[in-house]
Every structure is written in structure tokens, then in C-alpha cells.
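Asks: This is the structure, below, for whatever I ask next.
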Amino acid sequence: MAGANFSLRSLRLFPVALLALALAACGGGVHYRPVSDTPVRIGPPYTVRGTTYVPAADPSYDAVGYASWYGSASGHQTANGEKFRPDGVSAAHTTLPLPSYAEVTDLDTGRTILVRINDRGPFSGRGRIIDLSEGAAQQLGIRRKGIAPVRVRAVEPPNKDRKRLRDGKEAVERPRMSRRELAEWRARLGL
């Protein structure tokens with residue numbers, strides 16, 4: 001009789017155990033998009049905190065403002081469906097296509113890095129034009145500062161640099177901005 005009890009209980013729990021295994025195998029039901037440069041998505045206009053953003057392909061994008069960074073959302077899904085990797089070299093931008101690439105220059109030091117934009121943001125703080133992953137902030141040298149004046153310029157990097165960023169690694173370091181150029185870009189930001 002004890003064996004019959006065990007069998008009935010096992011049969012009743014089998015579907016529950018099967019569902020738990022299936023959910024665990026799927027990562028809790030989140031399906032991440034593979035890291036790829038295609039398709040490029042622009043997306044419709046959207047509103048966050050009363051501000052409407054209009055995504056657009058803008059190969060001439062070149063702006064100054066402030067960068068911040070985020071890194072505690074490990075495992076969360078980015079706006080283009082990929083799994084967020086805090087230690088990767090990626091970024092969030094309000095309107096550039098997903099994915100796209102940009103050079104980010106710290107206007108305090110002249111150091112320039114290449115980032116892969118695969119998320120939307122920043123949505124807080126006046127003058128912020130890009131949110132960097134923790135790995136990108138570390139590479140640029142602004143992780144400890146938290147916020148830094150930057151120039152962000154859309155670029156079309158070589159395939160080898162794109163692949164390195166897709167793999168979560170740093171791209172080849174870019175040349176530093178000269179003191180004269182730094183002064184000009186800082187003046188545009190009012191520094």
C-alpha cells in the first residue's frame with residue numbers, strides 16, 4: 001500500500017516537476033535574442049517620463065553631453081532583446097538604431113573607446129546622452145567618477161572591432177583626442 005501511495009503522489013507531482021525543469025531550462029521564461037548586428041531595429045517613437053523619443057538612423061550623429069553607467073542589471077534583457085552583460089562594452093542611447101556603434105570620448109582626458117549600442121536610455125539626469133555598461137565605463141576610465149562629460153559620435157567600425165564587442169570584449173583602443181580638440185569640444189558643452 002505504501003508503494004501505491006508513492007506512485008500516485010509521484011504521478012501527481014510529475015507535471016509540476018516537468019514544468020519546473022522546463023522553466024529552469026528557459027531561464028525563467030526569458031528568451032534572449034542572439035547577439036548579432038542584424039537585423040538593425042530603429043523602432044517607433046516612445047515616451048518615458050513625459051519625454052517623447054524618436055529613434056532614427058543618423059550616421060552623422062555627433063553630440064556632446066554627459067555619460068553615466070549602469071551595471072547592476074546583469075541578466076536583464078536589453079531593448080533589442082539581448083542578455084545584458086555588465087562587464088561587456090556596450091551602451092544605451094535614446095534614439096540611435098539597435099544595434100549601432102559609437103565612439104565615446106571622455107572630455108576630461110581625451111580617451112576614446114568604441115561601444116556597441118544595444119539598449120535604450122538614459123532617462124534621468126539633464127544633459128545625459130549615453131549610459132555605458134560598467135565594462136565600458138571601466139575602459140573609458142569614468143567608472144569611479146560615475147558621470148563624465150563626453151562626445152558621442154556614430155561610427156561604422158571594422159568587422160573585427162564589431163566582433164570583439166559582440167563577444168563582450170574591448171575593441172582596439174582609439175587614438176586620444178588632442179588638447180586643442182578637447183578644448184573645442186569642452187567649449188561646446190560650456191566647460
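The values are calculated or read from the model by the stated rules, or taken from the named source; none is laboratory data. Every value quoted in this text rests on a predicted model; they were computed, and no experiment measured them. All Cβ positions, glycine included, derive from the backbone under ideal geometry; neighbour counts span all protein chains shown.
Asks: Considering only the range 46-56, I want to know if a residue exists there that is touching a Leu at 6+ places or on another chain (Cβ under 7 Å) and in a loop (DSSP other than H, G, I, E, B).
Replies: No, the range 46-56 contains no residue that is touching a Leu at 6+ places or on another chain (Cβ under 7 Å) and in a loop (DSSP other than H, G, I, E, B).
Asks: Tell me, please, whether a residue that is at pLDDT below 70, assigned to a loop (DSSP other than H, G, I, E, B) and within 22 Å of R128 (Cβ to Cβ) can be found in the range 26-44.
Replies: So the first thing to find is which residues in the range 26-44 are at pLDDT below 70, and the list is 26-28.
Next, from what is left, pick out any that are assigned to a loop (DSSP other than H, G, I, E, B): 26-28.
With within 22 Å of R128 (Cβ to Cβ) added as a condition, the list becomes none.
There is no residue in the range 26-44 that is at pLDDT below 70, assigned to a loop (DSSP other than H, G, I, E, B) and within 22 Å of R128 (Cβ to Cβ).
Asks: Inspect all residues belonging to the range 131-151 and state whether any of them is out of contact with any Gly (no Cβ under 7 Å at 6 or more places or on another chain), modelled with pLDDT of 95 or more, over 18 Å from D87 (Cβ atoms) and not hydrophobic (A, V, I, L, M, F, W, C).
Replies: Yes, there is a match, as at least one residue in the range 131-151 is out of contact with any Gly (no Cβ under 7 Å at 6 or more places or on another chain), modelled with pLDDT of 95 or more, over 18 Å from D87 (Cβ atoms) and not hydrophobic (A, V, I, L, M, F, W, C).
Asks: Right, another one. Restricting the search to the range 81-99, which residues are closer than 14 Å to G121 by Cβ and either of a type in the set (S, T, Y) or more than 10 Å from the chain's Cα centre (by Cα) (or both)?
Replies: Listed by number, the residues that qualify are S90, T94, T95, L96.
Asks: Those residues that are over 10 Å from Y101 (Cβ atoms) and buried (at least 16 other Cβ atoms within 10 Å of the Cβ), I need them from the range 154-167; list them, please.
Replies: Selection gives R164, R166.
Asks: Let me ask you something else. If you check V35, V40, V54, which single one turns out to be touching a helix residue (DSSP H, G or I) at 6+ places or on another chain (Cβ under 7 Å) and surrounded by 11 or more Cβ atoms within 10 Å (Cβ to Cβ)?
Replies: Working: V40 fails: touching a helix residue (DSSP H, G or I) at 6+ places or on another chain (Cβ under 7 Å); V54 fails: touching a helix residue (DSSP H, G or I) at 6+ places or on another chain (Cβ under 7 Å).
After applying the criteria, what remains is V35.
Asks: Quick one: is G168 part of a helix (DSSP H, G or I), in contact with an Asp or Glu (Cβ under 9 Å, 6 or more places away or on another chain) and either farther than 23 Å from S60 by Cα or outside the structural domain of P59 (by TED's automatic domain parsing) (or both)? Don't jump to the end; show me each part of the working.
Replies: Values: part of a helix (DSSP H, G or I): no; in contact with an Asp or Glu (Cβ under 9 Å, 6 or more places away or on another chain): yes; either farther than 23 Å from S60 by Cα or outside the structural domain of P59 (by TED's automatic domain parsing) (or both): yes.
Judged against the criteria, G168 is not a match.
Asks: So, restricting to strands (runs of 3 or more DSSP E) that lie completely within the range 60-127, which ones have at least 2 residues that are surrounded by fewer than 20 Cβ atoms within 10 Å (Cβ to Cβ)? First the steps, then the outcome.
Replies: Values: elements: 62-70, 90-92, 100-106, 112-119.
Here the list reads 62-70.
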